[in-house]
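First up is the structure itself, then whatever we jot down about it.
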Amino acid sequence: MTRSLRISASLVCLAVVAATARPAGSADALPPVAIDPAVTAMLAGVSADRLRATDARLVAFGTRSAFSETMHASNRGVYAARDWIAGRFHDVASTSGGRMTVGIDTYFQDTDERSPRAVEISSVYATLRGDDPSAATYVMSSHYDSRNSDGYDAVLDAPGADDNGSAVAAVIEAARLMATRHFRGTLVFACFDGEEQGLWGSNHLAQRFKDEGVNVAADLNDDIIGASVGHDGEQAPFEVRLFSEALPAGVEVKRVNTIGTENDSPSRELARATQEVAEAYEPAMHVTLVSRADRFLRGGDQESFTAAGYPAVRFVEAHENFDHQHQNVRVENGIQYGDLLRYVDFAYLARVTQLNIATLATLALAPPTPVATMAVKTLGYDTTLAWDAEPAAAGYDVLWRRTTDATWTHAERLHAETTVTLPVSKDDYVFGVRAVDAAGHASVAAYPTPVR
Ligand SMILES: [Zn+2]
């Protein structure tokens, strides 16, 4: 009895200390992510068996090398796979009440230093029209081409079960589960061609979106998301990595250094939002943020989107097995090489698919990222922020963190206000502002632009 009383008394003391120590920006933790039953229902529909069937069908095309485009008469090759994927999207579109259309983005890729011959490249995508014509577009992407040891070989098998049949299966599954539902924003489900040759298909489609003025607010790119066991047998069935680049193309380094935005590119804000939402819906999963455009000196289709000026991130499994990537199928010194179906963990792939759907749905239901500013006319210890009122928003979160923290640590939820002054120094903290609708769907945060 005495002991428990003593504990209670010390807890009270701690609480008092915490309360009095507050103002310098040590205050409120982030509000919990509002779990939307409609999103939970979509996640419950994700089927590991269906993902396996899709991936097995893709592997059965033998090779999906970008240079196998003329082989489809034999039901082999990249265009046989393309036509099959387009067929699946048409099946899904038939459930959308006329809101989903299927597109094929085909162009002639001339020969370059990486290409032995010119080749026709053809990406498949499905677009689910949003309910609000003024709202942004949210992309979930993958590539469906594959390769073996020789990137130009179009003859030998290149099963590509994990790289990247896994993500194509995830994209088709997400399209299936989302096509019957309504979102404020437009959704695009994309399967690119020619990734292995130099991000060809994604580059063509992202540039086309840019030329057409499509407002892409996010690309969640998935590439190698199906294996839960690494090269040395490391097991990571509940972890996935999420890569995001530091700086968008064309920024002025001097300005980045002056206002300290090196960790707050739109892609990195998207990564933070993705981690927060995805882990709330799938508490068993850990989304490990990696502050890098992609794995060291490697690349992926999200870079085509960032090159076009769009925020983009990449999901990839926690531990890759390089014996199973870009390798001819063979046994050598007792080691099985090749990207075979048997190495894909479909329960894991289902969980990564769910992380994508939870994020994509939340962002496409949320109000847009607000346009926010920070007043810097006079020197001071407070921080004054303002933002444009957003009709779809029921409130706004002002977020902040220490400059060395990776993710937001504090938040203040406001309602109709479009300006706030906080007793937190802009010299020592980074700020963000996001919009939240009545159901709690939150946008990606905006980095406030300093204004005098
Ligand atoms: Zn890949």
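Bear in mind that the values in this text are calculations on the coordinates, not laboratory data. Please read these numbers as outputs of a predicted model, since none were measured by experiment. A quick note on method: Cβ atoms are made from the backbone with ideal geometry, for glycine too, and the neighbour counts reach across all protein chains shown.
Given q = 0.26 Å⁻¹, what are the Debye log10 I(q)/I(0) values for the stretch 92-182, with equal point scatterers placed on the Cα positions and solvent ignored?
So the normalised log intensities work out to -1.36.
About its Cα centre, how strong a charge dipole does the chain have in debye, to the nearest 20, once Lys and Arg get +1 and Asp and Glu get -1 at the Cβ?
Here the chain has a charge dipole of around 1120 debye.
Hey, what do the phi angles of the stretch 106-123 turn into as Karplus ³J(HN,Hα) couplings, whole Hz, using 6.51/-1.76/1.60 and θ = phi - 60°, x for Gly and Pro?
Result, rounded to whole Hz: 10, 8, 9, 8, 5, 5, 9, 5, 9, 10, x, 7, 5, 8, 7, 10, 8, 9.
Hey, what D do you get for the stretch 248-376 in µm²/s if you plug the Kirkwood alpha-carbon radius into Stokes-Einstein at 37 °C and 0.692 mPa s?
In µm²/s, the coefficient is 187.
Note down the nm distance, to one decimal, between modelled labels 7 Å out along Cα→Cβ at GLN235 and at THR111.
Roughly 5.1 nm, to one decimal.
Based on the alpha-carbon set only, what is the convex hull volume of the stretch 38-365 divided per residue, in Å³?
Value for the stretch 38-365: 137 Å³ per residue.
May I ask what percent, to the nearest 5, of DSSP beta bridges between residues of the chain are antiparallel?
65 percent
Take every Cα-Cα distance within the stretch 337-412, group them into 5 Å bins from 0 onward, and report for each bin the whole-number percent of pairs it holds.
3, 10, 12, 14, 17, 12, 8, 7, 6, 5, 3, 2, 1
Quick one: what do you get for the stretch 326-374 if you divide its Cα Rg by 2.2 N^0.38 Å?
It is 2.10.
Starting from the amide H of GLN109, placed 1.01 Å from N in the peptide plane, find each other amide H under 5 Å away whose residue is 5 or more places distant or on another chain.
Under 5 Å from the amide H of GLN109 lie the amide H atoms of VAL119, GLU120, ILE121, each far enough along the sequence or on another chain.
If you plug each phi of the stretch 186-202 into the Karplus form 6.51 cos²θ - 1.76 cosθ + 1.60 with θ = phi - 60°, what whole-Hz ³J(HN,Hα) values come out, in order, with x for Gly and Pro?
8, 10, 10, 10, 10, 10, 8, 9, x, 5, 5, 8, x, 6, 4, x, 5
Explain nothing, just compute: Karplus ³J(HN,Hα) = 6.51 cos²θ - 1.76 cosθ + 1.60, θ = phi - 60°, for every residue of the stretch 88-103 in order, whole Hz, x for Gly and Pro.
Result, rounded to whole Hz: 5, 5, 5, 4, 5, 4, 5, 9, 9, x, x, 8, 9, 10, 10, x.
What are the residues whose amide H is under 5 Å from the amide H of ALA446, where those residues sit 5 or more places off or on another chain and H is modelled from the backbone?
Amide H to amide H, under 5 Å and 5 or more residues apart or across chains, ALA446 pairs with VAL433, ARG434.
Whole Å is fine, so just give me how far the alpha carbon centre of the stretch 336-350 lies from that of the stretch 270-289.
Each part reduced to its Cα centre gives a spacing of 23 Å.
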